[in-house]
Amino acid sequence: MKSKKNLTRFTYESAAFEGWRLCISRAGTTFTRYFPDKKFGSGKKSLAAAEKTLAELKVLIEGSKRVDGKLTPTTIRKAEKLLADAV
């Protein structure tokens, strides 16, 4: 599996973590979440969860208001909650 935009595949033979990392930056704020294969059952399932979360996060961020070019604190809290609740 190859990495995609905003999604990076981590596969190391000597490391404990294998899975996908979602990382997106918008308006000076970076959001990151890891989707381990162990938790989701396989690489394909963790990728599907990461893609679903990324799509939801993009909708939230792109539809939000900005103050002085930055995301509002409310939008940041909503995005962090969305990442924390990702299944």
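The values are calculated or read from the model by the stated rules, or taken from the named source; none is laboratory data. This is a predicted model, so every value here is computed, not measured. Positions of Cβ are backbone-derived with ideal geometry, glycine not excepted, and every protein chain shown enters the neighbour counts.
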Residues of region 53-87 satisfying the condition of being under 20 Å from F35 (Cα atoms), surrounded by 13 or more Cβ atoms within 10 Å (Cβ to Cβ) and either of a type in the set (S, T, N, Q) or free of Cβ contacts under 8 Å to residues at least 12 places away in the same chain (or both):
T53
Taking region 55-80 and keeping only residues that are at positive phi and either touching a His at 6+ places or on another chain (Cβ under 9 Å) or not acidic (D, E) (or both), one is left with G69
Starting from residues that are in contact with a strand residue (DSSP E or B) (Cβ under 6 Å, 6 or more places away or on another chain) and outside any strand (DSSP E or B), keep the ones in region 33-52 and report whichever is modelled with the lowest pLDDT.
D37
Unique match (being among the hydrophobic types (A, V, I, L, M, F, W, C) and over 19 Å from L82 (Cα atoms)) among V59, V67
V67
Could you tell me whether T30 is part of a helix (DSSP H, G or I) and among the β-branched types (V, I, T)?
no
Of all residues in region 7-19, which are surrounded by 12 or more Cβ atoms within 10 Å (Cβ to Cβ) and part of a loop (DSSP other than H, G, I, E, B)?
F17
Let me spell it out: the conditions are (1) surrounded by 17 or more Cβ atoms within 10 Å (Cβ to Cβ); (2) under 16 Å from the mean Cα position of the chain (by Cα), and K44 meets all of them except one. Which number is the exception?
(1)
Hits in region 20-33 - residues which are buried (at least 16 other Cβ atoms within 10 Å of the Cβ) and either under 14 Å from V87 (Cα atoms) or under 9 Å from the mean Cα position of the chain (by Cα) (or both)
W20, R21, L22, I24, F31, R33
